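Novice: This is the structure, below, for whatever I ask next.
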Amino acid sequence: ADLKQANFSGAKLENTDLTKAKLKNSILKNANLKDAKLTRADLTDAELNYAVLDNANLRNSKLRKANLSDAKLKGANLTNAKLKKAKLINASLRKAKLKRADLTKANLTNAKLRRANLSRANLEEANLNGASLISAKLRKADLTDAYLKNANLKRANLTSANLRRANLSFTNFLNADL
């Protein structure tokens, strides 16, 4: 469906099938998209702040420059998602699947990524200031030039991760696998 620039503020879209939907520049602020199917959807520049996307399937979706600040994405599947320059400030991504996701230059300040899977994710130049990555999987993730000041990587798995030129000042690595 072509839903470009549509306003879905506060809409109830639980369990909705939006596979391959064109939602570029759409407003989904405060929308309930719990368990929604957004596989291969185009959400470029979409406003998803405060949206509920718990257990949503966003596999292979385009979320470039999307605003997901304060969004709830617990258990969401974002495998292979394109999140370049996306805003995920204070987003809740506990147990989310972000394998091979492109988070280049994404802003994840104070994001909650406890037990999230970011294996092979591209986090080059990403801002993870104050982010909680407790028990997160970051195997073979690219964190080149990433900003991880004050981040919590307690018990995180960073095996074969690239942390070249990353800012790791005041970061907690207690019991982490490096």
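The values are calculated or read from the model by the stated rules, or taken from the named source; none is laboratory data. The structure displayed is predicted, hence computed values, not measured ones. Glycine gets a Cβ as well: all are built from the backbone with ideal geometry, and neighbour counts include every protein chain shown. Side chains are part of the model used for accessible areas, which takes the heavy atoms of the whole protein and leaves out ligands, DNA and RNA. Shrake-Rupley method; radii C 1.70, N 1.55, O 1.52, S 1.80 Å.
Novice: Name the single residue, out of those in segment 66-82 being among the basic types (Lys, Arg) and outside any loop (DSSP other than H, G, I, E, B), that is farthest from residue 161 (Cα to Cα).
Specialist: Ranking the qualifying residues of segment 66-82, first place goes to 72.
Novice: Would you please name the residue that is farthest from residue 101 (Cα to Cα), looking only at residues in segment 19-49 that are among the β-branched types (Val, Ile, Thr) and in a loop (DSSP other than H, G, I, E, B)? Step through it out loud before you land on a result.
Specialist: Of all residues in segment 19-49, those among the β-branched types (Val, Ile, Thr) come to 19, 27, 39, 44.
Right, trim to in a loop (DSSP other than H, G, I, E, B) and you get 19, 39, 44.
Numbers: 19: 18, 39: 13, 44: 15 Å.
Here the residue is 19.
Table: residues versus (1) open to solvent by 30 Å² or more (accessible area, probe 1.4 Å); (2) under 17 Å from residue 161 (Cβ atoms); (3) under 9 Å from the mean Cα position of the chain (by Cα); (4) among the charged types (D, E, K, R).
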residue	(1), (2), (3), (4)
84	yes, no, no, yes
92	yes, no, yes, no
96	no, no, yes, no
101	no, yes, yes, no
110	yes, no, no, no
114	yes, no, no, yes
126	no, yes, no, no
130	no, no, no, no
135	yes, yes, no, no
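Novice: Right, another one. Does segment 149-162 contain any residue that is under 11 Å from the mean Cα position of the chain (by Cα) and basic (Lys, Arg)? Steps first, answer last, please.
Specialist: Just the residues of segment 149-162 that are under 11 Å from the mean Cα position of the chain (by Cα), to begin with: none.
The answer is no; no qualifying residue exists.
Novice: Of the conditions (1) of a type outside the set (D, E, K, R); (2) touching an Asp or Glu at 6+ places or on another chain (Cβ under 7 Å); (3) at negative phi, residue 55 satisfies every one except a single condition; which number is it?
Specialist: (3)
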